[in-house]
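Participant: To start, I am sharing the structure in question, which I have written as structure tokens.
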């Protein structure tokens, strides 16, 4: 698709620019964005001006840098309240965390990737990638595979096309064929594993959160390390994880969640 031919028009281009600014994790100069951008200089400048005028970005006039605007904080708070499982799931995560004393993750799908929406740290916390608000790969995480496994065929096809299949560790399922076979195994047993597929030493057992009609609205996992436990020990928690996932689904039944796969 050409730089001026975005399928979603000006709105799509503006969101692309917001994503670019966010990806830097710090205030960024126009020249840096221009190197990264698919849009001509004049188009990029116009989009940045519009986003700044609308409060979606801020411009530091002294440094000449752009950063995400405070208006996004208000929108993010509204999205958290209206579209995230986190407020509904909070007491269930607390309960699972207290029982297992391990790290608990709650996630939803975001355009084929994993968005971690809440987390409870283990009794003895371990540093790991997954944090609330972070986006991670679906194909090599327990929560990601748990959700992919229960998508309808068309949605699964779309989500698979968005996977990078980068090999993070020696255990990563780095091909579509390997992942497809794994997804069938997940459907057969009802839960997913992370066998050190995303980070060395990090393992988990995960279950999908499904509505009564079988629609995927999230996933739940208990995560630990190979230094502290085993996959077999985590597997013994699978019935408890599935029970909590079912309780979250029941509590969410009257809510409407956007489907972004």
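The values are calculated or read from the model by the stated rules, or taken from the named source; none is laboratory data. The model shown is predicted, which means the values in this text are computed figures rather than measured ones. In this analysis, Cβ positions are derived from the backbone assuming ideal geometry, glycine residues included, and neighbour counts consider all displayed protein chains.
Participant: Applying the selection to region 174-192, what residues are assigned to a loop (DSSP other than H, G, I, E, B) and surrounded by fewer than 23 Cβ atoms within 10 Å (Cβ to Cβ)?
Facilitator: The answer is 174, 175, 190.
Participant: Could you pull out the residue among 209, 203, 241 that is in the same structural domain as residue 89 (by TED's automatic domain parsing), at pLDDT 95 or above, out of contact with any helix residue (DSSP H, G or I) (no Cβ under 6 Å at 6 or more places or on another chain) and buried (at least 23 other Cβ atoms within 10 Å of the Cβ)?
Facilitator: Unique residue meeting the criteria: 241.
Participant: Against the definition (within 30 Å of residue 15 (Cα to Cα) and either surrounded by fewer than 20 Cβ atoms within 10 Å (Cβ to Cβ) or in contact with a helix residue (DSSP H, G or I) (Cβ under 8 Å, 6 or more places away or on another chain) (or both)), how does residue 107 come out, yes or no?
Facilitator: Against the criterion (within 30 Å of residue 15 (Cα to Cα) and either surrounded by fewer than 20 Cβ atoms within 10 Å (Cβ to Cβ) or in contact with a helix residue (DSSP H, G or I) (Cβ under 8 Å, 6 or more places away or on another chain) (or both)), residue 107 qualifies.
Participant: Within region 212-222, which residues are in contact with a helix residue (DSSP H, G or I) (Cβ under 9 Å, 6 or more places away or on another chain) and either more than 16 Å from residue 92 (Cβ to Cβ) or free of Cβ contacts under 8 Å to residues at least 40 places away in the same chain (or both)?
Facilitator: If we filter region 212-222 for residues that are in contact with a helix residue (DSSP H, G or I) (Cβ under 9 Å, 6 or more places away or on another chain), which is where we start, we get 212, 216-222.
Correct list: 212, 216.
Participant: With 118, 110 as the choices, which residue is touching a residue at least 24 places away in the same chain (Cβ under 8 Å) and over 26 Å from residue 188 (Cα atoms)?
Facilitator: 118
Participant: Please specify each residue of region 193-217 satisfying the condition of being assigned to a strand (DSSP E or B) and closer than 20 Å to residue 128 by Cα. First the steps, then the outcome.
Facilitator: Let us first name the residues in region 193-217 that are assigned to a strand (DSSP E or B), namely 193-195, 202-210, 216-217.
Within region 193-217, 193, 194, 195, 202, 203, 204, 205, 206, 207 meet the criteria.
Participant: (1) without any contact (Cβ under 8 Å) to a residue 12 or more places away in the chain; (2) surrounded by fewer than 13 Cβ atoms within 10 Å (Cβ to Cβ): which one isn't true of residue 70, the others all being true?
Facilitator: Failing condition for residue 70: (1).
Participant: Do we find that residue 138 is within 18 Å of residue 205 (Cα to Cα) and in a loop (DSSP other than H, G, I, E, B) in this structure? Working first, answer last.
Facilitator: Numbers: within 18 Å of residue 205 (Cα to Cα): yes; in a loop (DSSP other than H, G, I, E, B): yes.
Taking the combined requirement at face value, the residue satisfies it.
Participant: If you don't mind, another one. Quick one: count up the residues across region 121-139 that are free of Cβ contacts under 8 Å to residues at least 24 places away in the same chain, farther than 14 Å from residue 198 by Cβ and within 12 Å of the chain's Cα centre (by Cα).
Facilitator: Going through region 121-139 one residue at a time, the tally reaches 1.
Participant: To continue, here is another question. Does region 140-153 contain any residue that is surrounded by fewer than 16 Cβ atoms within 10 Å (Cβ to Cβ), in the same structural domain as residue 202 (by TED's automatic domain parsing), more than 24 Å from residue 97 (Cβ to Cβ) and free of Cβ contacts under 8 Å to residues at least 60 places away in the same chain? Please lay out each step first, then the result.
Facilitator: Taking region 140-153 and keeping what is surrounded by fewer than 16 Cβ atoms within 10 Å (Cβ to Cβ), we get 152-153.
With in the same structural domain as residue 202 (by TED's automatic domain parsing) added as a condition, the list becomes 152-153.
Next cut, more than 24 Å from residue 97 (Cβ to Cβ) only: 152-153.
Retained after the next criterion (residues that are free of Cβ contacts under 8 Å to residues at least 60 places away in the same chain): 152-153.
Yes, the conditions are met somewhere in region 140-153.
Participant: Does residue 94 meet the test of being under 17 Å from residue 244 (Cβ atoms), part of a helix (DSSP H, G or I) and over 16 Å from the mean Cα position of the chain (by Cα)?
Facilitator: Yes.
Participant: Shifting gears a bit: Out of region 157-170, which residues are crowded, with 18+ Cβ neighbours inside 10 Å and either under 20 Å from residue 215 (Cα atoms) or in contact with a strand residue (DSSP E or B) (Cβ under 8 Å, 6 or more places away or on another chain) (or both)?
Facilitator: Within region 157-170, 159, 160 qualify.
Participant: Looking at (1) surrounded by 15 or more Cβ atoms within 10 Å (Cβ to Cβ); (2) not assigned by TED's automatic domain parsing to the domain that holds residue 228, find the lone condition where residue 62 falls short.
Facilitator: (1)
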